[in-house]
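Here's the structure we're looking at; comments come further down.
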Amino acid sequence: DSGVTQTPKHLITATGQRVTLRCSPRSGDLSVYWYQQSLDQGLQFLIQYYNGEERAKGNILERFSAQQFPDLHSELNLSSLELGDSALYFCASQSAGDSPLHFGNGTRLTVT
Amino acid sequence: QKEVEQDPGPLSVPEGAIVSLNCTYSNSAFQYFMWYRQYSRKGPELLMYTYSSGNKEDGRFTAQVDKSSKYISLFIRDSQPSDSATYLCAPNTNAGKSTFGDGTTLTVKP
């Protein structure tokens, strides 16, 4: 168990809808990362937050946004969903810049 | 060109074989090197972590880093069916950003 909790585990929704994915980092970790993994694809970095502030941005679509709250949990919001947004979305937390990432088990999003 | 290139695989070996998984990278700012293992439909889990050139051994696993040639390897000795997974190399800068390879899927056949 990595200590990183993601909810929900599965999400099925229709095109055009909006969903929110939630992540609780390991106790004490200030950094949260979001990654997207499409079928048979690598991990694509979306965005990083550190102690409530956006630290780095990857290839995140404008339809996607994220935030980190004072209790350090993070939410990834996906709107105007398209079929191509179907993927596994992973959250990872990190204690310090030179530390490895600890991943949750992901949210599997299916857009129909 | 991607910052991290990983041997694409898939790789299929018999049980007991020695497995070599390889990555190259282009960014000289990478200082820390991780290998993650990802089982199907699960989150990646840290397997090995090293920050210097040379070898680091942990049980049946050995991580090798050559910073001069920007080459990273993971060796698995006496491979087991339970080692069947996707392996991701992930070099990391001091700023904490990991860049992941696309992964090599390994199948170890009994």
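The values are calculated or read from the model by the stated rules, or taken from the named source; none is laboratory data. A quick note: this is a predicted structure, and the numbers were derived from the prediction, not measured. Here the Cβ is made from the backbone with ideal geometry for all residues, glycine too, and neighbour counts use every protein chain on show. Heavy atoms of the whole protein, side chains included, go into the accessibility calculation; ligands, DNA and RNA do not. Shrake-Rupley method; radii C 1.70, N 1.55, O 1.52, S 1.80 Å.
Filter region A:25-38 down to residues that are closer than 30 Å to residue B:10 by Cβ and within 11 Å of another protein chain (Cβ to nearest Cβ) and give me whichever is surrounded by the most Cβ atoms within 10 Å (Cβ to Cβ). Taking the candidates together, the pick is A:33.
Counting just the residues of region A:86-101 that are under 14 Å from the mean Cα position of the chain (by Cα) and facing another protein chain (nearest Cβ under 7 Å), which one comes out nearest to residue A:63 (Cα to Cα)?
First pass over region A:86-101, keeping only residues under 14 Å from the mean Cα position of the chain (by Cα): A:86-94, A:101.
This time we only want the ones that are facing another protein chain (nearest Cβ under 7 Å), so: A:90, A:94, A:101.
Details: A:90: 18, A:94: 26, A:101: 26 Å.
Among those residues, the one meeting the criterion is A:90.
Based on what the data block shows, is residue B:70 over 13 Å from the mean Cα position of the chain (by Cα), open to solvent by 20 Å² or more (accessible area, probe 1.4 Å), within 12 Å of another protein chain (Cβ to nearest Cβ) and free of Cβ contacts under 8 Å to residues at least 60 places away in the same chain? Answer is no for this residue. In the set (1) of a type in the set (Asp, Glu); (2) in contact (Cβ under 8 Å) with a residue 24 or more places away in the chain; (3) away from every other protein chain (no Cβ under 14 Å), the condition left unmet by residue B:102 is number (3). Just so you know, in region A:39-57 the residues that are open to solvent by 40 Å² or more (accessible area, probe 1.4 Å) and closer than 21 Å to residue A:108 by Cα include one that is nearest to the chain's Cα centre (by Cα), and it is A:44. The strands (runs of 3 or more DSSP E) falling completely within region A:11-84 that include 3 or more residues that are hydrophobic (A, V, I, L, M, F, W, C) map to A:19-24, A:44-50.
Being closer than 21 Å to residue B:44 by Cβ and either free of Cβ contacts under 8 Å to residues at least 24 places away in the same chain or within 12 Å of another protein chain (Cβ to nearest Cβ) (or both) is true for just one of A:41, A:67. Which residue is that? Even if it seems obvious, please write down each step before you answer.
Numbers: A:67 fails: closer than 21 Å to residue B:44 by Cβ.
Result of the check over A:41, A:67: A:41.
Taking the residues in region B:66-87 that are assigned to a loop (DSSP other than H, G, I, E, B) and polar (S, T, N, Q) as candidates, determine which candidate is nearest to residue A:105 (Cα to Cα).
Of the residues in region B:66-87, the ones assigned to a loop (DSSP other than H, G, I, E, B) are B:67-70, B:77-80, B:84.
After this cut, where a residue has to be polar (S, T, N, Q) as well, the list is B:68-69, B:79-80, B:84.
Details: B:68: 35, B:69: 34, B:79: 25, B:80: 23, B:84: 18 Å.
Per the stated criteria, the residue is B:84.
Checked against (1) crowded, with 17+ Cβ neighbours inside 10 Å; (2) modelled with pLDDT of 95 or more; (3) not in a strand (DSSP E or B), residue B:100 passes all but a single condition, namely (2).
Which of the strands (runs of 3 or more DSSP E) found entirely inside region B:8-65 contain at least 1 residues meeting this: touching a Lys or Arg at 6+ places or on another chain (Cβ under 8 Å) and surrounded by fewer than 20 Cβ atoms within 10 Å (Cβ to Cβ)?
Numbers: elements: B:11-14, B:19-25, B:32-38, B:45-50, B:54-58.
Strands (runs of 3 or more DSSP E) meeting the threshold: B:11-14, B:19-25, B:45-50.
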